[in-house]
Amino acid sequence: MAASAAHDSATRRIVIENCAIATVDANDTEYASGHIVVAGNRIEFIGAGKAPENLENVVRRIDGTGHLVTPGLVNTHHHFYQWITRGLATDHNLFNWLVALYPTWARIDEQMTYTAAQGSLAAMAKGGVTTAMDHHYVFPKGSGDLSGSIIRAASEMGVRFTLARGSMDRSEKDGGLPPDHAVETLEGALADTEATVKKFHDASFDSMTQVAVAPCSPFSVSTELLKQGAELARRLGVRMHTHGSETVEEEKFCHELFGMGPTDYFESTGWLGEDVWMAHSVHMNDSDIAAFARTKTGVAHCPSSNARLAAGIARVPDMLAAGVPVGLGVDGTASNESGELHTELRNALLINRLNPVHRERALNARQALRLGTYGGAQVLGRADNIGSLEVGKCADLVLWNLNTFLHSSIADPVTALVFGAAAPVTASFVNGKQIVENNRLLFADEDAIAVSTREEAQRLARIAQA
Ligand SMILES: [Zn+2]
């Protein structure tokens, strides 16, 4: 596949011009009116003014007047299956919410994970996400090929994808939160994770599918699963992901069980490092942040979910100042029903300003856009291939329509995009292939997904009540 993509890059070109461009490169280069030439699956030219004359094999020329072009958005934390358990336990903190929902989650099957993945992916792709991830950690016995069903849904929609193969082996009988029948054995979880990496992980430059090793959280996995999971990931050369420092309850749990806070516990189990990214990292003291910076451990910042579950405000400006790689995550849609990444760009900016230390200087619009693009690529270990618009990188980009009444009276396009309402997507490209046209998904039937996700949500509710 890589060979044919390289061959295409010599032949078929798409030209986008007359648009504002925010490249999110190292210098934050922007063009008030510029052009981008996509050749095959790569960015070939980018700059001010019109595209070069005499380009051969131009199959499409897009007039981007009134549009802003940015790198495609990168989501770094999600649980797709939760699309069919949205709007439940709406007034709970994390632990109570987990206890309320685990019995339902423990009944999912392959048809449900496939359908829920379609809903989750559709919401993100329609909103400008070009790289998605799913941290899937519920594997009930006999539930089918859940990982395969999720990867199939992403591949069909045309989205670049990382599956974080999750796992849980600490159930209620061991002092954990999940019910006993919802967890795997240590050996079973590790064996299937290894098989999933070997079957699906593609390490190439323009890879569309990657797999990470991702035990769920300190309060649902054993110390041994964390340790052996880290060893497995490093032996296979793939990334590592888990939840960490999300709530005060988790901090208390770690102190009671392990005699140390979450960051020290992660360090003791091999879970800090440049190949690791952690979801949330809300309750971080100065030495925790210094440890993340020293080890280049990444963070998936999920402001809407943190607010929904009253978890707290992550110290994003302090992490960025210390050099911690930070991306954005919608988190599962049972704790963030919107499921769109634009909401996180906006909420990252707004919620961090509620931090009494930083206030209005916490984050600006360009920093928020960087979190949602380049920062996400860094966290997923893909900053060399995606996350900014630069010659030679994969052609993952979005044309945001700022012509409508929603944005047309805001002069600065990046301000319009981040502070304003979610902008309609005129076109979105992944690996040089268009997946959204005039705010509609090209490779999914949105009306059919509306029906199938409702049906699967109702079927799951019925099974869970039985
Ligand atoms: Zn999560």
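Any read-out appearing in this document is the output of simple, stated calculations on the displayed coordinates, not a laboratory observation. Because the structure is predicted, anything quoted here is derived from the model rather than measured. Cβ atoms come from the backbone with ideal geometry, glycine included; neighbour counts cover every protein chain shown.
Straight-line cross-link reach from LYS227 at under 12 Å between alpha-carbon atoms covers these aspartates and glutamates, not counting any fewer than eight positions away in the same chain: GLU267. Per residue of the chain, the DSSP helices (runs of n ≥ 4 H) give a summed -39500 (n - 2.57) that works out to -11000 deg cm²/dmol at 222 nm. The range 65-103 and the range 373-445 have their alpha-carbon centroids 20 Å apart. Annotation: the range 73-379 has a Kirkwood hydrodynamic radius of 18.8 angstrom, from the mean reciprocal C-alpha pair distance.
Estimated from the Cβ-Cβ distance and a Förster radius of 35 angstrom, the FRET efficiency linking ALA448 and ARG294 is about 0.10. Under a straight-distance cross-link criterion of Cα-Cα below 20 Å, which lysines are reachable from LYS141, leaving out those fewer than 8 residues away in the same chain? Here the lysines satisfying the reach criterion relative to LYS141 are LYS173. Expressed to the nearest 5 percent, the antiparallel share of DSSP beta bridges inside the range 23-134 is 75 percent. Computed from the Cβ-Cβ distance with R0 of 56 Å, the FRET efficiency linking LYS141 to GLU53 stands at 0.35. Axis angle, to the nearest 10 degrees, between helix 110-126 and the longest C-alpha principal axis of the chain: 40 degrees. Between the helical axis of 223-236 and the dominant principal axis of the chain, each derived from Cα atoms, what acute angle in degrees is found, rounded to the nearest 10? Helix 223-236 sits at roughly 40 degrees to that axis.
Against the chain, whose longest principal axis is taken from its Cα atoms, helix 146-157 shows a tilt of about 10°.
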